[in-house]
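Okay, structure first, notes after.
The values are calculated or read from the model by the stated rules, or taken from the named source; none is laboratory data. What you see is a predicted model, and the numbers here were worked out from it, not measured in a lab. Using ideal geometry, Cβ is built from the backbone for each residue, glycine included, and neighbour counts are taken over all protein chains shown.
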Amino acid sequence: MKILLAEDEKDLSRALVAVLEHSGYKVTPVYDGEAAVEEARSGAFDCMVFDIMMPKMDGITALTILRESGDTTPVLLLTAKSEMNDKVTGLDAGADDYLTKPFVMVELLARIRSLTRRRGEYAPKKLSFGSVTLDVSGQELVSENSVRLAGMEASLMEFLMMNPNKSFTTEEIYSHVWKESGEGLDVVWIYISYLRNKLRSIVADVEITGEKGGSFTLELSN
């Protein structure tokens, strides 16, 4: 699982990265709110951990920007403040949980496990982008027309629709969708081609851009 960590205290950040990586997570550390927004927009993460007090942009503002853009990734806020209004402001902005400094690492790990587990349990039944709606459970793609998707087509489309306007390399898509299936990377291009044909068949106003072996993005058609 991938975690975006935004913490401006370098020593604490290094300690958190070490603990999280030891627990099996892949961590991308940044040190201010602007960098957090940029990284969140350019990649897919299973959970994001934001300190509230950061330079350039605070964690709550960064969170608000991401939520307004449609990012639903679980967010855990870290704060040195104990005042209730600070916590309430963060939750109102779209945070899923908060942790007050100082904290013990086992509690941080427990909160992250809870958030990532909850995301899987309460995944949306329908996803929409542009004119397209994906019925996740029914594996149906709908715009002016509708079409059924096969198993891995549906999984790939779900991943792309949960991360619209984000560019992913072939390797990143393979890692998130196929995980350790044993199939080669060429399977990504094959299924991208399938989905492109099906998007055209339902007269969608979105498209998957990119070339074989490169990066791909689900975005509105020009």
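Things to note:
- Candidate set: the range 161-220, residues that are of a type in the set (Asp, Glu) and not in a strand (DSSP E or B); chosen: the one farthest from Ala40 (Cα to Cα): Glu183
- Of the set (1) within 28 Å of Glu144 (Cβ to Cβ); (2) touching a helix residue (DSSP H, G or I) at 6+ places or on another chain (Cβ under 7 Å), all apply to His176 but (1).
- Candidate set: the range 109-131, residues that are of a type in the set (Ser, Thr, Tyr) and under 20 Å from the mean Cα position of the chain (by Cα); chosen: the one modelled with the lowest pLDDT: Tyr122
- Condition check for Thr116: in the same structural domain as Phe50 (by TED's automatic domain parsing), within 23 Å of Ser42 (Cα to Cα) and touching an Asp or Glu at 6+ places or on another chain (Cβ under 9 Å): yes
- Of the residues making up the range 94-111, none is under 23 Å from Pro164 (Cβ atoms), aromatic (Phe, Trp, Tyr) and out of contact with any Ser or Thr (no Cβ under 8 Å at 6 or more places or on another chain).
- Verdict on Met57 being free of Cβ contacts under 8 Å to residues at least 40 places away in the same chain and surrounded by fewer than 19 Cβ atoms within 10 Å (Cβ to Cβ): yes
- Pair list, Cβ < 7 Å and 6+ apart or interchain, from the range 1-22 residues that are in the same structural domain as Pro55 (by TED's automatic domain parsing) to residues that are exposed (fewer than 15 other Cβ atoms within 10 Å of the Cβ) and assigned to a loop (DSSP other than H, G, I, E, B): Asp8/Pro55
- Scanning the range 175-195 for residues that are of a type in the set (Phe, Trp, Tyr) and closer than 11 Å to Phe216 by Cβ yields Trp189, Tyr191.
Residue by residue, here is whether (1) part of a loop (DSSP other than H, G, I, E, B); (2) out of contact with any helix residue (DSSP H, G or I) (no Cβ under 6 Å at 6 or more places or on another chain); (3) at pLDDT 90 or above holds:
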{"position": "Ala36", "(1), (2), (3)": "no, no, yes"}
{"position": "Thr64", "(1), (2), (3)": "no, yes, yes"}
{"position": "Ser82", "(1), (2), (3)": "yes, yes, no"}
{"position": "Asp86", "(1), (2), (3)": "no, yes, no"}
{"position": "Glu107", "(1), (2), (3)": "no, yes, yes"}
{"position": "Thr133", "(1), (2), (3)": "no, yes, yes"}
